[in-house]
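One structure, as structure tokens, below. Some questions next.
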Amino acid sequence: MAQHNDLGKEGEKQAVAFLEENGYKVLETNWYFDKAEIDIIAQKEAILTVVEVKTRSSLEFGLPQDFVNPKKIKLLVKAINHYIELHDLDVEVRFDIIAVYKEKEVFKINHILDAFFYF
């Protein structure tokens, strides 16, 4: 597996642990619908949280969250709408980004709540 894939998987593992430590129940990881993949679907109280995880080995080329583009947002919205219908859920949905980057040998996590809206 390519080194960047290993880094991405480690970032998602770090994000899951972070969410669980902060009271979220992780419902799904790497959930696919059509051409979309949702990295993490989690719930805390009555809020269903769609989490896009972006991991970088450094901040040299920009912040991880800056790499979530409008096309990705559109795919996430389509996928979570299907997930909600599939599971017949009546919940509020929030879209977050967890930006993970390595600083020396330590992973730093930035959890961005309401990172984007789907209107």
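The values are calculated or read from the model by the stated rules, or taken from the named source; none is laboratory data. Here the structure is a predicted model, which is why all the values come from computation and not from measurement. Note that we place each Cβ from the backbone using ideal geometry, even for glycine, and neighbour counts take in every protein chain shown.
How about segment 16-62: which of its residues are at pLDDT below 95, within 16 Å of residue 79 (Cβ to Cβ) and of a type in the set (S, T, N, Q)?
Result: no residue meets the conditions.
On to the next question. Consider residue 50 against the criteria (1) of a type outside the set (D, E, K, R); (2) farther than 16 Å from residue 115 by Cα; (3) assigned to a strand (DSSP E or B): it satisfies all of them except one. Which criterion is unmet?
Residue 50 satisfies all of (1) of a type outside the set (D, E, K, R); (2) farther than 16 Å from residue 115 by Cα; (3) assigned to a strand (DSSP E or B) except (2).
Moving to a separate point now. For segment 1-23, what are the residues that are surrounded by fewer than 18 Cβ atoms within 10 Å (Cβ to Cβ), of a type in the set (A, V, I, L, M) and either under 14 Å from residue 101 (Cα atoms) or touching a Lys or Arg at 6+ places or on another chain (Cβ under 7 Å) (or both)?
If the condition is that a residue be surrounded by fewer than 18 Cβ atoms within 10 Å (Cβ to Cβ), of a type in the set (A, V, I, L, M) and either under 14 Å from residue 101 (Cα atoms) or touching a Lys or Arg at 6+ places or on another chain (Cβ under 7 Å) (or both), then 7 is the only one that fits.
Tell me the residue from 100, 50 that is closer than 23 Å to residue 6 by Cβ and buried (at least 18 other Cβ atoms within 10 Å of the Cβ), please.
100
Could you check segment 74-92 and list, in sequence order, the residues that are surrounded by 12 or more Cβ atoms within 10 Å (Cβ to Cβ) and touching a residue at least 12 places away in the same chain (Cβ under 8 Å)?
Correct list: 75, 76, 77, 78, 79, 80, 82, 83, 84, 89, 91.
Within segment 53-66, can you find the residues that are surrounded by 15 or more Cβ atoms within 10 Å (Cβ to Cβ) and in contact with a Lys or Arg (Cβ under 9 Å, 6 or more places away or on another chain)?
Across segment 53-66, the qualifying residues are 55, 56, 64, 65.
Also, quick follow-up: Taking residue 39, is it within 15 Å of the chain's Cα centre (by Cα), exposed (fewer than 15 other Cβ atoms within 10 Å of the Cβ) and under 19 Å from residue 117 (Cβ atoms)?
Answer is no for this residue.
In segment 1-36, what count of residues is obtained for those that are part of a loop (DSSP other than H, G, I, E, B), more than 18 Å from residue 113 (Cβ to Cβ) and not hydrophobic (A, V, I, L, M, F, W, C)?
2
From the list 26, 77, 91, pick out the single residue that is within 30 Å of residue 103 (Cβ to Cβ) and out of contact with any Ser or Thr (no Cβ under 9 Å at 6 or more places or on another chain).
26
While we're here: Which pairs have Cβ atoms under 9 Å, sit 6 or more apart or on different chains, and link a residue in segment 94-115 that is outside any strand (DSSP E or B) to one that is modelled with pLDDT of 90 or more and acidic (Asp, Glu)?
So the pair list comes out as 113/96; 114/96; 115/52; 115/96.
Can you confirm whether residue 26 is loosely packed, with under 13 Cβ neighbours inside 10 Å and not charged (D, E, K, R)?
Judged against the criteria, residue 26 is not a match.
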